Amino acid sequence: MAPRKSKGDGEEKAKPLTQTSTRVTRSMDRQTRSATKPDGAKAAGSITKQVKLASPKRKKPATETGRGAKKAKKDEEKEEEAAEVEDPTKPKIVIEHCKQCNAFKTRAIQVKEGLEGAVPGVTVTLNPEKPRRGCFEIREEGGQTFISLLAMKRPFAPMKALDMEEVIEDIIKKIK
């Protein structure tokens, strides 16, 4: 707060107020008290509380933490791709489904499980590339398209109207 202006000829000059903050002195006291205590000493009358410390965690090997797992997954994918290239007679189905809603995912998984269970040796992949928005498409890799529902908007009525059992049966007939 600024000092008041003096009235008159200026002989009465306002003296600046000096106050000591109680916060500063208290915090200094705390520092002084804590500085004088030995490390293990406790204040008189304080209640001690036992705390059970967690046991130190063991370090996991690189394969468990994911560093080596990523490399192992890449190696497995390369082996699978090599196996796929070797056998061109097996049908390869691609299911592209939008990630906007779980309704797409549940139907895609249902089709995948139905095809893998009914047709031996079929390879079904879900979203090998980034999927299009509002898309549900089932196609043969590099060939025939079984179902193509594109640019659907909520509530995804065309997809929800499908009977997935019939769709699976139709695809199985076309594959065989």
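Since every read-out is calculated from the coordinates, none of them should be taken as a lab result. Quick caveat, the model's predicted, so the values are computed rather than measured. All Cβ positions, glycine included, derive from the backbone under ideal geometry; neighbour counts span all protein chains shown.
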Residue in the stretch 137-176 that is nearest to His97 (Cα to Cα), counting only those that are loosely packed, with under 11 Cβ neighbours inside 10 Å and under 27 Å from the mean Cα position of the chain (by Cα): Ala151
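Looking only at the stretch 126-169, which residues are in a strand (DSSP E or B) and either among the acidic types (Asp, Glu) or in contact with a helix residue (DSSP H, G or I) (Cβ under 8 Å, 6 or more places away or on another chain) (or both)? Spell out the reasoning first.
Going residue by residue through the stretch 126-169, those that are in a strand (DSSP E or B) are 126, 136-140, 145-149.
Within the stretch 126-169, Leu126, Phe136, Glu137, Ile138, Glu140, Phe146, Ile147, Leu149 qualify.
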If Gly134 meets every condition in (1) touching a residue at least 24 places away in the same chain (Cβ under 8 Å); (2) exposed (fewer than 11 other Cβ atoms within 10 Å of the Cβ); (3) farther than 17 Å from Lys92 by Cβ apart from one, which number is that one? (2)
Just checking, how many residues over the stretch 117-144 are farther than 23 Å from Lys160 by Cα and of a type in the set (S, T, N, Q)? 1
